[in-house]
Amino acid sequence: MATDAAASPASAGCSAMKAEFTGHAEYLNALNDKRERLVKASRDVTMNSKKVIFQVHRISKNNKEEVLSKAENDLAAVVNQYIGKLVKELQGTDFWKLRRAYTPGVQEYIEAATFCRFCKTGTLLGLAEINDSLLALSDKSIEPLQINVLDYLLGVADLSGELMRLAIGRISDGEVEYAKNICAFVRDIYRELTLLVPLMDDNNEMKKKMEVMLQSVVKIENEFFKMHKCLNLKFK
């Protein structure tokens, strides 16, 4: 009897411990499943955002409205169909805990959205406006997904590469003034980010992107230099 009495508390303790770790296992399994769904959704956002960027690169002085109208419709589809999946998975949760699973897609979307806005108005699409556009996708009773400052800035940094390609294409097509505006815009972004990066805690990725951004500025300026050199040789 004494042995049975002694075994009973030990058995209860074992059951409590098992229940404790079972709960942790279930939580981690659910978190891993969510992470896998986010990785897939992020890939879908990336792929379809790239299609929007390719569409915008078809722009010329003769088809600007047509190209941008289609690009904006495609971008809206990315938001509703693919960003919407991220929102449903992440609303009401700790966004930063799973950030690495979805940040590639978010950055690509930022790049596509800011590229469209620049080509339409010559201005930079702000983070507040982007986050406001996502509110309609969220359940009003739950904390909504909001894109964080770091992912926004990383996406804007990637924008410089697309603008560099656009500027070089415009120079080739004789749209020199437009290319000058693009170059000035990229310089301004680079200057502003140069002031921000030292203030960022996790800035290794941004430092790499800043190096690429500087290369983009230099490539645009080199195209202008080659153009002026060719013009000088032509009229000598």
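The values are calculated or read from the model by the stated rules, or taken from the named source; none is laboratory data. These numbers were taken from a predicted model, which means no experiment stands behind them. Glycine gets a Cβ as well: all are built from the backbone with ideal geometry, and neighbour counts include every protein chain shown.
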Looking at Val87, is it β-branched (Val, Ile, Thr) and within 30 Å of Ala167 (Cα to Cα)? no
Cβ-Cβ under 8 Å pairs, at least 6 apart or on other chains, the stretch 196-224 side surrounded by 14 or more Cβ atoms within 10 Å (Cβ to Cβ), far side not in a helix (DSSP H, G or I): Val197/Asn203; Met206/Met200
Positions within the stretch 129-143 being loosely packed, with under 12 Cβ neighbours inside 10 Å and in a helix (DSSP H, G or I), in sequence order: Glu129, Asp132
Test: Asn80 is in a helix (DSSP H, G or I) and free of Cβ contacts under 8 Å to residues at least 24 places away in the same chain: no
Of the residues that make up the stretch 186-197, is at least one aromatic (Phe, Trp, Tyr) and under 24 Å from the mean Cα position of the chain (by Cα)? yes
Of all residues in the stretch 14-56 being over 22 Å from Leu145 (Cβ atoms) and among the polar types (S, T, N, Q), which is modelled with the highest pLDDT? Gln55
Among Gly126, Gly122, which is in contact (Cβ under 8 Å) with a residue 60 or more places away in the chain, over 18 Å from Asn203 (Cα atoms) and surrounded by fewer than 16 Cβ atoms within 10 Å (Cβ to Cβ)? Gly122
Could you look through the stretch 150-174, keep only residues that are without any contact (Cβ under 8 Å) to a residue 40 or more places away in the chain and part of a helix (DSSP H, G or I), and pick out the one that is nearest to Asp201 (Cα to Cα)? Arg170
Unique residue being β-branched (Val, Ile, Thr) and touching a Lys or Arg at 6+ places or on another chain (Cβ under 8 Å) when the list is Val39, Val87, Val67, Val79: Val67
Ile147 fails exactly one of the following numbered conditions: (1) in contact (Cβ under 8 Å) with a residue 40 or more places away in the chain; (2) in contact with a Lys or Arg (Cβ under 8 Å, 6 or more places away or on another chain). What is the number of that condition? (2)
If we scan the stretch 175-190, do we find a residue that is more than 18 Å from Thr123 (Cα to Cα) and in contact (Cβ under 8 Å) with a residue 60 or more places away in the chain? yes
Test for Tyr109: is it buried (at least 18 other Cβ atoms within 10 Å of the Cβ), under 23 Å from Arg165 (Cβ atoms), touching a residue at least 40 places away in the same chain (Cβ under 8 Å) and of a type in the set (Ser, Thr, Tyr): yes
